[in-house]
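Enquirer: The following block contains the structure, expressed as structure tokens.
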Amino acid sequence: MKLKTCAFILLALFAFCERSNAENKQPIDIALWENGPAEKNIDEGVGYDENRQIYQPSIRIFLPEGKNTGRAVIICPGGAYYGLAYDHEGYAYADYFKHQGIALIVLKYRMPHGNHKVPMSDLCEAMRIVKSHATEWGINPDDIGVMGFSAGGHLASTFATHYPAELKPAFQILIYPVISMDSGITHQGSRENLIGNQPDPQLVDYYSNEKHVTDESPRAFIALSGDDSAVPPENSLRYYTALLRHKVPASLHIYPSGEHGWGYNESFRFKKAVHDELTDWLRSF
């Protein structure tokens, strides 16, 4: 009897230790561009300084514990292409995705600072790295999606409409996204920071992502507040309409209040609603 009791205690202690180790599992940090970035901005050689929005391009990987679907999401935080809200629009989502068995990769991308190609270049490199480590991290290389908030939603939708063939995302999740550079509906700060005060009309067209949806665009989940006064809902509506026109599966969720920038904040009244809708959507394919 005593032996059975001791064995039970040892098994319980082992299980507790295993659970504690899993709960304390640290994320993985990887710097992008080991041999120097393919696209450079005016910050090249200045030195990284987050107080001046000069970010070291990098990814932080949160791997699921226990249940693992093999799916992964690369998050692009917002910040008007001026800075990065990588806490409530990035790291805070680690637990949400972990409980679904989905790996989360939070991207710190560089600001354009004179070169509109820089953010997209960093996202492409992040996808390359995740795909190259897919086996090691238990990720299905064909089931990696992108997610973005506000200007990060613009970057994610840019990737979803202009991706290199070998880096096509499996899906896109856009939260109160900037979609268009059309001066009538865009977020002016994001537009100016990305393509300048008096942009070439070709750049305006190129980065108006609603114009570049095709039959091959990845399926989409879009969520926003109807009272968003920072990024007009028309951005999401145009994109959703373009997706439907091309018969791309898309799900649009507009909440009556919340304004802009709620991310993972508890103050957002419809936080549970949007997460429940997103969970159902992720389980639908």
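Enquirer: Just for region 243-271: of the residues that are among the aliphatic types (A, V, I, L, M) and within 16 Å of Gly226 (Cβ to Cβ), which one is surrounded by the most Cβ atoms within 10 Å (Cβ to Cβ)?
Expert: Ranking the candidates gives Leu252 first.
Enquirer: Name the pairs whose Cβ atoms lie under 9 Å apart, with the first residue in region 40-65 and under 30 Å from Gly138 (Cα atoms), the second surrounded by fewer than 13 Cβ atoms within 10 Å (Cβ to Cβ) and hydrophobic (A, V, I, L, M, F, W, C), and 6 or more positions between them or separate chains?
Expert: Gln56/Ala31; Pro57/Ala31; Ser58/Ala31; Ile59/Ala31; Glu65/Ala22
Enquirer: Answer yes if at least one residue in region 122-140 is part of a strand (DSSP E or B), in contact (Cβ under 8 Å) with a residue 60 or more places away in the chain, of a type outside the set (Asp, Glu) and buried (at least 21 other Cβ atoms within 10 Å of the Cβ), and no otherwise.
Expert: Checking region 122-140: not a single residue is part of a strand (DSSP E or B), in contact (Cβ under 8 Å) with a residue 60 or more places away in the chain, of a type outside the set (Asp, Glu) and buried (at least 21 other Cβ atoms within 10 Å of the Cβ).
Enquirer: Looking at (1) in contact with a strand residue (DSSP E or B) (Cβ under 8 Å, 6 or more places away or on another chain); (2) more than 27 Å from Pro201 (Cβ to Cβ); (3) in a helix (DSSP H, G or I), which one does Ile105 not meet, given that it meets all the others?
Expert: Looking at each condition in turn, Ile105 falls short on (3).
Enquirer: Being assigned to a helix (DSSP H, G or I), in contact with a strand residue (DSSP E or B) (Cβ under 8 Å, 6 or more places away or on another chain), surrounded by 17 or more Cβ atoms within 10 Å (Cβ to Cβ) and of a type outside the set (Val, Ile, Thr) is true for just one of Ala220, Ala156. Which residue is that?
Expert: One residue alone meets the criteria, Ala156.
Enquirer: What residue, among those in region 47-71 that are closer than 27 Å to Ser132 by Cα and not in a loop (DSSP other than H, G, I, E, B), is farthest from the chain's Cα centre (by Cα)?
Expert: This residue is Ile54.
Here, each number is a calculation from the coordinates, and none is a lab measurement. These numbers come from a predicted model, not from an experiment. Glycine also receives a Cβ, built like all others from the backbone with ideal geometry; neighbour counts cover every protein chain displayed.
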